[in-house]
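K.L.:
I am attaching a structure below and will ask some questions about it afterwards.
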Amino acid sequence: MMVGSLGAIGGVQVDGPLWLAPMAGITTPSVRLFQRRIGVSLVHTEMVSALGLKYRGEKSRRILIPLPGEEPVIPQLFGPSGEDLLEGARIALGEYPFRAVEVNMACPMPKVVSKGSGAAMLKDPDLAARAVALLKGLGVSVWVKARVLPGGFEETLRFCGRLFEAGLDLLLLHGRTSPQRYEGRADVEQVIRLSRAFPGRVVGSGDVFSPDDALRYLEGGCVAVLLARGFVRDPLLALRCAQRLGLRPPGDADLKGALLELGDMLASHEGERTCLILVKRMVAGALKGHPHDAERRNRVMSLKSWGDLREFILAWPL
């Protein structure tokens, strides 16, 4: 499958359909920039609290600042009301000239849902539609990340329809319900059906672990696809998908070189602690299926510095 320049999707110019999903504690600036280099065409910040921005939280503000070369980058905000999201979005746009703002209506974790944010919004279509309508007043594109609803396709269709009627520019839809959290399998077919109901306005999400998984969404009608847990298991997933789509020349992927490059970037920009957490997680995923993988994973987890982990990767016969 060959994919050329896509042009504007949801009001944002992009050159390909492989996008990096927002993941708390994972999609840091270095991770985003690295993934952009190997085939991702659009990235998201980590999920940012609109209330944290409203009350001038420094951590929330820092999440919004991208590195040179990341563009296009989209901030994803969560909050309990349209008014809070509007205030957070105003502050975000004051920090950086983002081309769109995205509302998280998908996070199923209790600490988010219990405060009326994330997937809690799926239970109140009026509240969700009002948030979209308010954000449209900012003059930028408005995106929403959501999940399929427990009632099935028709319920999801009605909810998404309300958002588009309110002015939504793009829907990023995950194929699990909120009660599922991250268990079971994503309902890819339901996402594809929604993409056909709203042509050119739905991005697919959920269970993308291989180029074939990405193709299933794209050939089904999704205008783009999100890479999330799949790239944590395989840091070069974006490259493999890009090669399959004709966006990169075919060739052998260098996993060792990728882990070293990403680790160096993380250590330089986000610090050694973040570097160790993220690279250890990726190395552990890459070790699965190799001889003595459990023993090697235990060894990896015991390492205390990026220098030691770097030496382990260099000596690892990948």
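The values are calculated or read from the model by the stated rules, or taken from the named source; none is laboratory data. Keep in mind that this is a model prediction, so the values were computed, not measured. Here Cβ is always computed from backbone atoms with ideal geometry, including for glycine, and neighbour counts include all displayed protein chains. Heads up: the accessible areas ignore ligands, DNA and RNA and are worked out on the full protein's heavy atoms, side chains in. Shrake-Rupley method; radii C 1.70, N 1.55, O 1.52, S 1.80 Å.
K.L.:
Amide H of L77 versus every other amide H placed in the peptide plane: which residues, excluding those fewer than 5 positions away on the same chain, fall under 5 Å?
P.N.:
It is V48, E102, V103, N104, by chain and number.
K.L.:
If the limit is 30 Å between Cα atoms, which of K115/K280; K115/K136; K115/K288 go over it? Don't skip to the end; give the middle numbers.
P.N.:
Details: K115/K280 32 Å; K115/K136 24 Å; K115/K288 37 Å.
Among K115/K280; K115/K136; K115/K288, the Cα-Cα distance tops 30 Å for K115/K280; K115/K288.
K.L.:
Can you give me the relative contact order of the chain as a percent, contacts being Cα pairs under 8 Å and 6 or more apart? Walk me through the numbers before you get to the answer.
P.N.:
Working: 601 pairs, mean separation 48.2, N = 318.
Dividing the mean separation by the residue count of the chain yields 15 percent.
K.L.:
If you average the sequence gap of Cα pairs under 8 Å that are 6 or more apart and divide by the length of the stretch 37-127, what percent do you get for the contact order?
P.N.:
Numbers: 141 pairs, mean separation 25.2, N = 91.
28 percent.
K.L.:
Follow-up. Please list 3J(HN,Hα) in residue order for the stretch 132-149, calculated via the Karplus relation 6.51 cos²θ - 1.76 cosθ + 1.60 where θ = phi - 60°; whole Hz, with x for glycine and proline.
P.N.:
Each residue's phi maps through the Karplus curve to give 4, 4, 5, 5, 4, x, 7, x, 10, 5, 10, 10, 9, 9, 9, 10, 5, 8 Hz.
K.L.:
The stretch 108-188: which trypsin sites (Lys or Arg not before Pro) are DSSP loop and have at most 15 other beta-carbon atoms within 10 angstrom? All intermediate terms of the calculation are to be shown ahead of the outcome.
P.N.:
Working: sites: K111, K115, K123, R130, K136, K145, R147, R158, R162, R176, R181, R185; in loops: K115, R176, R181, R185.
Counting only loop positions with at most 15 other Cβ atoms within 10 Å, the trypsin sites (Lys or Arg not before Pro) in the stretch 108-188 are K115, R181, R185.
K.L.:
Between Q13 and residues 5 or more places away or on another chain, which pairs have amide H atoms under 5 Å apart, with H built 1.01 Å from N, and which residues are they?
P.N.:
Amide H to amide H, under 5 Å and 5 or more residues apart or across chains, Q13 pairs with nothing.
K.L.:
Still on this model: Determine ³J(HN,Hα), in whole Hz, for all residues of the stretch 85-94 in sequence, where each value follows from phi through the Karplus function 6.51 cos²θ - 1.76 cosθ + 1.60 and θ = phi - 60°; x replaces Gly and Pro.
P.N.:
After applying 6.51 cos²θ - 1.76 cosθ + 1.60, I find 5, 4, 5, x, 5, 4, 5, 4, 5, x Hz.
K.L.:
If Lys and Arg each add +1 and Asp and Glu each add -1, what is the summed charge of the other residues whose beta carbon sits under 12 Å from the beta carbon of R37? Display every interim value, and only then the final one.
P.N.:
Numbers: positive: R32, R36, R248; negative: E70, E261.
Net of charged neighbours comes to +1.
K.L.:
Still on this structure: Name the long-range amide H neighbours of R147: under 5 Å, sequence gap of 5 or more, or other chain; modelled H, no Pro or chain starts.
P.N.:
Answer set, sorted by chain and number: H174.
K.L.:
Counting only heavy atoms of the protein chains, get the accessible area per residue of the chain (1.4 Å probe) and round it to a whole Å² value. Write out the running numbers ahead of the final one.
P.N.:
On the way: 13330 Å² over 318 residues.
On a per-residue basis, 42 Å².
K.L.:
Let me ask something else. In what order, largest first, do I65, I38 sit by accessible area if the probe radius is 1.4 Å? Let's see the in-between values first.
P.N.:
Numbers: I65 65, I38 20 Å².
Output order, biggest surface exposure first: I65, I38.
K.L.:
What list of ³J(HN,Hα) values in whole Hz, one per residue of the stretch 10-25 in order, does the Karplus curve 6.51 cos²θ - 1.76 cosθ + 1.60 (θ = phi - 60°) give from phi, with Gly and Pro shown as x?
P.N.:
For the stretch 10-25, the Karplus-derived couplings read x, x, 10, 6, 9, 10, x, x, 9, 10, 8, 6, x, 9, 4, x Hz, x marking Gly and Pro.
K.L.:
Same structure, new question: For the stretch 84-127 and the stretch 15-62, what is the centre-to-centre distance using only Cα atoms, to the nearest Å?
P.N.:
14
K.L.:
Here's something else I'd like to know. Nearest 5 is fine: what % of DSSP beta bridges in the chain come out antiparallel, could you say?
P.N.:
Around 10 percent antiparallel, to the nearest 5.
K.L.:
How much of the accessible area of the stretch 220-316, probe 1.4 Å, is carbon plus sulfur, in whole percent? Show your work: numbers first, answer last.
P.N.:
Working: 2240 of 4600 Å².
Ligands and nucleic acids excluded, carbon and sulfur give 49 percent.
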